[in-house]
Amino acid sequence: MKIEGAVALVTGGASGLGEATVRRLVADGAKAVIVDMNEERGEAVAKELGDGVVFQKTDVSDEAQVQAAVDAAKKLGDLRVAVNCAGVGWAARTLKRDGTPHDFDLFKKVISVNLVGTFNVIRLAASAMSQNEPLEGERGVIVNTASIAAFDGQIGQAAYAASKGGVVGLTLPVARDLSKAQIRVCTIAPGTFDTPMLAGLPEEVRQALAAGIPNPARLGDPKEYAALAKHIVENGYLNAEVIRLDGALRMPPK
């Protein structure tokens, strides 16, 4: 899929992996809709990047709000790229030490945003993409974000790992579903990246996290995620694949 001239919708696009992806795609000639709940940051990034970039405040688990974001993308041109980076994560054990069970609403919230929200964007973006005229045999590309927690979930990550495992699990069947529409679907499973989620940690904790990564022994740079997302979009033979991006990290139990 040629990036130049395409319209991309990026969830979680106001910060972290999503913001880096927006910047990469726009630098390569795409127009973009930044989808995020952080209105102040989203508007600031859109203003900085200029014409052809708009912000749409959106809860990805809400059907009407995501449809509005897709409609905003269609106003810019043909929606051909969707990247799902929106996500939340809270640490909680299935049972606390005193036997108190995991907060049920918290579990449902993580699943709602990370898994249900991802599929909500997939289905509505794919519907819009299916109306495009094919370009070199493609109508669109969808890139999802899982996590290595889908494979190596740690203590306290039941909700997060389940949500990201669901994203991994839907990759192949959705790619098969969308094959006749000439829409490709891939998923990136990042390791430990230097995003706003980690920015608030003490420096010694950040250094300890980096030291646990085999090679390179550092936190991932969001630009590296964006570079892989770009490659997936441009490589027409990549489909239904889940790609770990983690410096060979395999997370221990805790």
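What follows is calculated from the coordinates using simple rules that are stated; it is not laboratory data. Quick caveat: nothing in here was measured; it's all calculated off a predicted structure. All Cβ positions, even for glycine, are placed from backbone atoms using ideal geometry, and neighbour counts span all protein chains on display.
Highest mobility in the GNM of the chain, judged by mean-square fluctuation with C-alpha springs under 10 Å and restricted to Leu124, Leu135, Leu219, is found for Leu135.
For every other residue with a beta carbon closer than 15 angstrom to the beta carbon of Gln154, add +1 if it is Lys or Arg and -1 if Asp or Glu, then tell me the sum. That sum, taken over residues with Cβ under 15 Å, equals +2. With a 10 Å cut-off between alpha carbons and a GNM built on the chain, which of Glu204, Glu133, Glu234 moves the most? The residue with the greatest mean-square fluctuation here is Glu204. Taking every DSSP beta bridge with both residues inside the chain, roughly what % is antiparallel (nearest 5)? Given both bridge residues lie in the chain, the antiparallel proportion sits at roughly 5 percent. Select one label from [x] 61, 49, 29; [y] 74, 40, 30; [z] 57, 36, 32: the one whose number is Cα extents along the principal axes in Å as derived from the coordinates shown. Read-out from the structure maps to [z]. Springs join every pair of Cα atoms under 10 Å in this Gaussian network model of the chain, and among Asp103, Asp62, Asp194 the largest mean-square fluctuation is at Asp103.
The distance separating the Cα centre of region 57-75 from that of region 193-254 comes to 28 Å. Extension gain for Ala27 to Glu4 (0.36 nm times residue separation, less C-alpha to C-alpha distance): 7.4 nm. Summing +1 for each Lys or Arg and -1 for each Asp or Glu among the other residues whose beta-carbon sits under 9 angstrom from that of Ala14 gives -4.
Net charge dipole, region 181-254: roughly 160 debye, given to the nearest 20, about the Cα centre with Cβ charges of +1 for Lys and Arg and -1 for Asp and Glu. Among the trypsin sites (Lys or Arg not before Pro) found in region 156-235, those both in a DSSP coil and sparsely packed, with 12 or fewer other Cβ atoms within 10 Å of their Cβ, are Lys180.
Taking label points 7 Å from Cα along the Cα-to-Cβ direction, Ala64 and Lys96 give a separation of 3.7 nm. Relative to the longest principal axis of the Cα atoms of the chain, the long axis of helix 16-27 makes an angle of roughly 20 degrees.
Using the Cβ of Met37 as centre and a radius below 14 Å, the other residues enclosed give a net charge of -4, where K and R count +1 and D and E count -1.
Relative to the first principal axis of the alpha-carbon coordinates of the chain, what is the inclination of helix 158-177, with its axis defined by its Cα atoms, in degrees from 0 to 90 and to the nearest 10? On a 0 to 90 degree scale, this one is about 30. Placing +1 on each Lys and Arg Cβ and -1 on each Asp and Glu Cβ, with no other charges, gives region 7-245 a dipole about its Cα centre of roughly 440 debye.
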